[in-house]
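**Q** Sharing a structure, written as structure tokens. Questions coming.
Readers should treat all values here as calculations from the given coordinates under stated rules, not as data from a laboratory. Quantities reported herein were computed from a predicted structural model and do not represent experimental measurements. Every residue, glycine among them, receives a Cβ derived from its backbone with ideal geometry; neighbour counts consider all protein chains shown.
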Ligand code: UT7
């Protein structure tokens, strides 16, 4: 059977690391509050010359090298971001140009923090239909540029970064590698709980991120537990079969609550929120790359990806490496 198989990963962070102590000097907050409520200890913030496309290109190059795939052989690039370099063209086309691939398909996906799951699901479908043989799926963000740096309820939570995977269509055995099941959801009812208060067609300005954190938290735990159950059932596996969960890194307490609901031991959950904070669409592939490169996630492992974000949008995907 033809499956989309993850054959490589890469990630990139801006140079500048900003600690909670650094933020104490900027807004009315404390390291203690941030660590206790979120688990975040530091985040990376893009500086001059660092953009969503530059971080994405860096992560994509590392993923290509890891997979041993030539940029020229990539027929599809899907880049998940809510902070594109420009309103248009799609940032994916800038990455395509920087990598030197020509003629394939390249587009952005806007599903905010669930963007990587949406991009992965879309790429998987397109690879299985034969539209392309090799794809780059990227999550990249510079959320620091849409934060209100006077709003302590949001500015301490986010960071910048990028993560990428190479996905290849391969003819594999039933128990072989590849993406086994994906479920995606959206519900526009809750737009006002997490949104950016600007845009080209409304204010003409980029706008700033606004969030009612407590309500988002409540929905996240419920929605994620539900969608994880759906994917497990679609793939006919149980929570005990999972080797690793690679979740969207919004809040350590959400990760704990979701793992508890699934009956998963916390040791199976990859946590990078302490190091990177919430990097929106970049957080899942960034965390995945960290855990692959440090040797935790290995070939043959059953890995669950999951995320929830603005829209609301949410989803999960199960892959055997
Ligand atoms: O990535 C997309 C999905 N996003 C999420 O999943 C985020 C989900 N939400 C969360 O992670 C949490 O709700 C937050 C971390 C955003 C907030 O934690 P919380 O425990 O829900 O706190 P809260 O919003 O209920 O605020 C508690 C208190 C408030 O003070 P009062 O009203 O109780 O006096 C806030 O004003 O904490 C105060 N507060 C802060 N204090 C120090 C809010 N932000 C800060 C801050 N430093 N940075």
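**Q** Which whole-number percentage describes the relative contact order of the chain, with Cα contacts under 8 Å and a sequence gap of 6 or more? Write out the running numbers ahead of the final one.
**A** Values: 816 pairs, mean separation 82.8, N = 321.
It rounds to 26 percent for the chain.
**Q** Moving on to the next point. What number in nm² do you get for the range 19-164 if you take the convex hull of its Cα atoms and divide its surface by four? Intermediate values should be presented prior to the final figure.
**A** On the way: hull surface 37.7 nm².
Reported value for the Cα convex hull: 9.4 nm².
**Q** Contour minus end-to-end for residue 187 and residue 302, with contour as 0.36 nm per residue of separation and end-to-end as the Cα-Cα distance? Show your work: numbers first, answer last.
**A** On the way: separation 115, 0.36 × 115 = 41.40 nm, distance 2.85 nm.
Full extension of this stretch gives 38.5 nm more.
**Q** Sticking with this structure for a sec: Rg and Dmax in Å for the range 178-320, alpha carbons only: what are they?
**A** 15.7, 49
**Q** For the chain, modelled as a GNM with alpha-carbon contacts under 10 angstrom, which of 65, 259, 164 fluctuates the most?
**A** Result: 65 has the largest fluctuation of those listed.
**Q** Need one number: % antiparallel among DSSP beta bridges in the chain, to the nearest 5. If you can, show how the numbers build up before the last one.
**A** On the way: 42 of 58 bridges.
Close to 70 percent.
**Q** In a solvent-free Debye calculation with one equal scatterer on each Cα, what is log10 I(q)/I(0) for the chain at q = 0.11, 0.12 Å⁻¹, listed in the order of the q values?
**A** Debye output, listed in q order: -0.61, -0.74.
**Q** For the range 138-182, report the convex hull volume of the alpha-carbon atoms normalised per residue, in Å³, without decimals. Present the calculation step by step, with values, prior to reporting the outcome.
**A** On the way: hull volume 5.0 nm³, N = 45.
Hull volume over Cα atoms, normalised by residue count, gives 112 Å³.
**Q** Sum -39500 (n - 2.57) across every DSSP H segment of at least 4 residues in the chain, then divide by the residue count to get the 222 nm mean residue ellipticity, nearest 500.
**A** Value at 222 nm, helices only: -9500 deg cm²/dmol.
**Q** Now, a different point. Can you tell which of 59, 110, 239 shows the greatest fluctuation in a Gaussian network model of the chain with Cα springs below 10 Å?
**A** 239
**Q** Any chance you could get the radius of gyration and Dmax over the Cα atoms of the range 83-161, in Å?
**A** 15.0, 48
**Q** Give me the percent relative contact order of the range 134-201, please, defined on Cα pairs under 8 angstrom at least 6 residues apart. Working shown, then result.
**A** Details: 45 pairs, mean separation 22.8, N = 68.
RCO, the range 134-201: 33 percent.
**Q** Of the candidates 106, 72, 46, which one comes out as most mobile in a Gaussian network treatment of the chain with C-alpha springs shorter than 10 Å?
**A** Sorting by GNM fluctuation, first place goes to 72.
**Q** Given a Förster distance of 35 angstrom, what is the FRET efficiency for residue 31 paired with residue 201, based on the Cβ-Cβ distance and rounded to 0.05? Write out the running numbers ahead of the final one.
**A** Numbers: r = 40 Å, r/R0 = 1.14.
Given R0 = 35 Å and the Cβ-Cβ separation, E is 0.30.
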